[in-house]
Amino acid sequence: MIKLISFPAVYNVKTGTPFGLKLMALMKMADIPFELEYQVDPRKAPTKKFPLIIDDGEALADSHFIRLHMEKKHDIDFDEGLSPLERAHSLALVRMLEEHFYWCMMFDRWVEEDNWVRFRDTVFKDLPPIIGGFIAKQIRKQTVRDCHGQGVSRHGRERVMALGVEDLSALEAMLGEKEFLFGNKPTSADATASAFLAFALNNEFKSPLYELCASSPTLSAYCLRTNTLFYA
């Protein structure tokens, strides 16, 4: 059985990273059994990030490459039935969420001081007080550095939130009145979109990202539908 190692559950989300939720959704879609193990310190992981999987004793990191591994090993095509153009749209949407919207959420949770304190006290609450505070501080320091290197934190909060709202609005338009992003059957794009929306709809972090998701019948209904399907 595959072991999925990821951050502990936060609030009403089963793991503290959308990439962990994405993998859970993919394995649910493919009916692949897995065991979820929580860890809080990713510094010894292959890429120093969570999630990762252990499959037949082999450690594999990065949700994209784990997806390719599952497709090859289990002879699965998560985008079965999609045309070449739809597959291109799917890839572009996933890249938007994972390589752009992700950083807007990271800024909101890790860089903004008030939100960081709230996030820290939930994610790292089970660590011993002294060493736990040190680990949390080191991980945050690296995350803030990454946000600056990526470029998002070089702008003020208002602009960063505006960028995130643009991404969510594009997702809302693409979903339209469909049950899933490409019709009545979930695909790999739904695994990613559902994971990021589950985080954006967390009302512990009141922000323009939450407000758009909560006020959009399209996004909130989609989030409820995919949460029930993938994570219940």
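Key figures
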read-out: Lone qualifier among L23, L82 - being at pLDDT 95 or above, more than 24 Å from H148 (Cα to Cα), touching a helix residue (DSSP H, G or I) at 6+ places or on another chain (Cβ under 9 Å) and part of a loop (DSSP other than H, G, I, E, B); value: L82
read-out: Candidate set: the stretch 129-176, residues that are more than 13 Å from M106 (Cβ to Cβ) and of a type in the set (S, T, N, Q); chosen: the one modelled with the highest pLDDT; value: S169
read-out: Residue satisfying all of: in the stretch 152-190; charged (D, E, K, R) and in contact (Cβ under 8 Å) with a residue 60 or more places away in the chain; surrounded by the fewest Cβ atoms within 10 Å (Cβ to Cβ) among these; value: K185
read-out: Of all residues in the stretch 123-141 being loosely packed, with under 14 Cβ neighbours inside 10 Å and either among the β-branched types (V, I, T) or not assigned by TED's automatic domain parsing to the domain that holds F205 (or both), the one that is nearest to F50 (Cα to Cα); value: I131
read-out: Helices (runs of 4 or more DSSP H) (entirely within the stretch 116-201) containing at least 3 residues that are in contact with a strand residue (DSSP E or B) (Cβ under 9 Å, 6 or more places away or on another chain); value: 188-200
read-out: Condition check for V144: surrounded by 15 or more Cβ atoms within 10 Å (Cβ to Cβ) and either within 14 Å of D41 (Cβ to Cβ) or touching a residue at least 40 places away in the same chain (Cβ under 8 Å) (or both); value: no
read-out: Test result for R140, farther than 30 Å from F182 by Cβ, within 19 Å of the chain's Cα centre (by Cα) and not hydrophobic (A, V, I, L, M, F, W, C); value: yes
read-out: Test for D41: is it within 23 Å of A198 (Cα to Cα), within 18 Å of the chain's Cα centre (by Cα), among the acidic types (D, E) and surrounded by 12 or more Cβ atoms within 10 Å (Cβ to Cβ); value: yes
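Rundown of residues vs (1) in a helix (DSSP H, G or I); (2) hydroxyl-bearing (S, T, Y); (3) surrounded by 15 or more Cβ atoms within 10 Å (Cβ to Cβ), yes/no style:
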position	(1), (2), (3)
T15	no, yes, yes
L36	no, no, yes
K48	no, no, no
I54	no, no, yes
H69	yes, no, yes
I76	no, no, yes
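The values are calculated or read from the model by the stated rules, or taken from the named source; none is laboratory data. All values reported here derive from a predicted model rather than from experimental measurement. Note that each Cβ is placed from the backbone with ideal geometry, even for glycine, and that neighbours are counted across all protein chains shown.
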